[in-house]
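Working notes, structure below.
The values are calculated or read from the model by the stated rules, or taken from the named source; none is laboratory data. Because the structure is predicted, anything quoted here is derived from the model rather than measured. We place every Cβ from the backbone using ideal geometry, glycine too, and count neighbours over all the protein chains shown.
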Amino acid sequence: MRTRILDWLFAATLAGIAAPAIAQVQAEHGSIEQDYREERLEGLQARQQAAQRRSWRAPDWRPEPVVSINLLSVNDFHGQLSPRAVAGRPAGGAAVLAAYLKAASNESTLIVLDGDQVGASPPNSALLEDEPTISFFNLLANPHCRPFSRQMQMPRSVQPFAQQRCNLIGTLGNHEFDDGRSELLRLHTGGNHRKGPFLEDEWEGARFPMVSSNVIDQTTGDSLLPPYSIYYREGVRIGVIGAVLKDTPSIVSPSGVAGLRFIDEADAINQSVAELRRHGVRAIVVALHQGGQQTSYEGPTQPEADTVTGPIVDIVKRLDDDVDVVISGHAHGFTNALVPNANGKPILVTQAFSAGTAYSDIELVVSRRSRDIVEKSAAVHTTWADQGAGLVPDAEVATLVAQADARVKPLVERVVGLAQGALSRSETPAGESALGNLIADAQRVATDAQISFMNPGGIRADLDSGEVTWGELFAIQPFANDLVSMDLTGAQLKTMLEQQWSGQSYARLLKPSGIQYSWSASRPVGNRVVEMRDATGALINPAATYRVTVNSFLAGGGDNFTVLTEGTNRVVGPVDLDALVDYIESLPQPFGAAVEGRIQRVD
């Protein structure tokens, strides 16, 4: 029987690791021989019976010694430490999610976090700079996991081998860049925030590895994080490659991605695949923060399921044949399908909604002979809090969440106003929403502008009727963007409105205040706006100058509204949330807002 130490040294030799580097890894993890348990040889009959439950089997499969691997994945958690409602029932929350993941885990389990672990988070995470969310995931890590900061200090050639027995790995989503590279690295590698300390006297950062292959430091030309990690499970090697959507710069404030270059997802992944092959790795999983949509269903992967749509399809089509599984995210939807690449290789693609309300349970069978994945299947499970594992939330995680709640309670529970009815961010067919109108009005009043616009992606929750607390408003506007006032001509306003469709993967209809306009879907992109009028009803004059307020994300050209970077006489005003709080407090109570026809669709 091959020993673990020989298996590791073979991979290390292929990687070109020198003796001092090997010694460094050994120092981090103790004796490699002791760190690995003996291989457990199980009967072929038991393996074959398990294989009957798999949804895909390699065409050349034959009975042979195999290893079963379990992946549990969570995408788009967004700091959702507390439960939320799904179809009228409680689901998710960190303690409930932990209970489900631990119940589903075994000795071969690897938990994969697919990006947007943080960002757009509720107050009990965001007000503490999302440290409680990383602390939650640290509690899922096994004793073999080490601080990510130590891994980042190692030579780059060693980093993929540095956490071979850790049961947890994460990749980056677009929201990890909300506060820029420095904060991204601080959160994951340690060091107290300037507002801290919070729940820990000295913030240590993540106790698990992070990978991302397509985010490049423009100065060094290297990837910001290790592009992949190599794991050993029962004598087989598994490579996990990370990637984030290449369009991240268009949906994040420019300051958040300064000095970084986002390259094509498939190109970066395939480059990492080639490197993994050189390390003798054939079983390859991709954690990709980009996704698509599919009609949801329960149970194992159905080869005949509805076709997947969205950006993920084109990316998968271009992936190398050695990619076996793509764990996807970003779309906050469901995916459990076999999507073919250009050569017809079925690649298992999963996505488990968002906010910890579900997880993907992926079962893999790896051949000891070929070292490749020969069978694979998945199921997406909802983390109901009122049944199953959710009935007994994880006690240690629940204590952490309670500590975070207590820290932010005085501010979160402050009553700001009284809503006479619920206000929704849901759009009319024209693109208007009652909650969007309220926010846009607040921003215009706060800056004494003529016109203001709010981007729909920045409105993260609806507002219930009754007492309105600061915490509820924070959940609606969690990004702490500054308001920026600028001068734009009427012609530039027209260009900005046309950019709602131009260069967008889907229409992003801004929520206006102080302006009314109509548009036609039958007209070509770039000429869809029919008419624009100001608050007095006068037509917008292309040559006139107007004072316009947007948030700092839009002001920097976010969401491809590039014309806003041309605005002149810029003045930075209050934070968007402060403007909303002040505006609601100034209104007669109870207050309300409605769809008023500010945006009209003429066909």
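For the range 462-493, name all the residues that are part of a helix (DSSP H, G or I) and of a type in the set (Phe, Trp, Tyr).
Trp470, Phe474, listed by residue number.
For the range 296-324, how many residues are touching a helix residue (DSSP H, G or I) at 6+ places or on another chain (Cβ under 8 Å) and part of a loop (DSSP other than H, G, I, E, B)?
4
Among the residues in the range 407-422, are any over 28 Å from the mean Cα position of the chain (by Cα), closer than 23 Å to Asp576 by Cα and among the charged types (D, E, K, R)?
For the range 407-422, residues over 28 Å from the mean Cα position of the chain (by Cα), closer than 23 Å to Asp576 by Cα and among the charged types (D, E, K, R): present.
Report, by residue number, each residue of the range 102-153 that is more than 18 Å from the chain's Cα centre (by Cα), surrounded by fewer than 23 Cβ atoms within 10 Å (Cβ to Cβ), of a type outside the set (Ser, Thr, Tyr) and not in a loop (DSSP other than H, G, I, E, B).
Listed by number, the residues that qualify are Lys102, Ala103, Ala104, Leu110, Leu139, Arg150, Met152, Gln153.
Which of the residues belonging to the range 344-364 are crowded, with 22+ Cβ neighbours inside 10 Å, assigned to a loop (DSSP other than H, G, I, E, B) and out of contact with any Phe, Trp or Tyr (no Cβ under 7 Å at 6 or more places or on another chain)?
Thr357
For the range 325-343, which residues satisfy the criterion of being free of Cβ contacts under 8 Å to residues at least 40 places away in the same chain and either in contact with a Leu (Cβ under 6 Å, 6 or more places away or on another chain) or outside any loop (DSSP other than H, G, I, E, B) (or both)?
Result: Val339, Pro340, Asn341.
Check off (1) over 25 Å from the mean Cα position of the chain (by Cα); (2) surrounded by 17 or more Cβ atoms within 10 Å (Cβ to Cβ) for Ala395 and give me the number that stays unchecked.
It is condition (2) that Ala395 fails.
Kindly check whether there is at least one residue in the range 192-203 that is of a type in the set (Gly, Ala, Ser), in contact (Cβ under 8 Å) with a residue 40 or more places away in the chain, buried (at least 24 other Cβ atoms within 10 Å of the Cβ) and touching a helix residue (DSSP H, G or I) at 6+ places or on another chain (Cβ under 9 Å).
The answer is no, given that none of the residues of the range 192-203 is of a type in the set (Gly, Ala, Ser), in contact (Cβ under 8 Å) with a residue 40 or more places away in the chain, buried (at least 24 other Cβ atoms within 10 Å of the Cβ) and touching a helix residue (DSSP H, G or I) at 6+ places or on another chain (Cβ under 9 Å).
Please go through the range 544-577 and pick out each residue that is modelled with pLDDT of 95 or more, under 26 Å from the mean Cα position of the chain (by Cα) and of a type in the set (D, E, K, R).
Result: Asp576, single match.
Confirm whether Gly170 is touching a residue at least 60 places away in the same chain (Cβ under 8 Å) and assigned to a loop (DSSP other than H, G, I, E, B).
Against the criterion (touching a residue at least 60 places away in the same chain (Cβ under 8 Å) and assigned to a loop (DSSP other than H, G, I, E, B)), Gly170 does not qualify.
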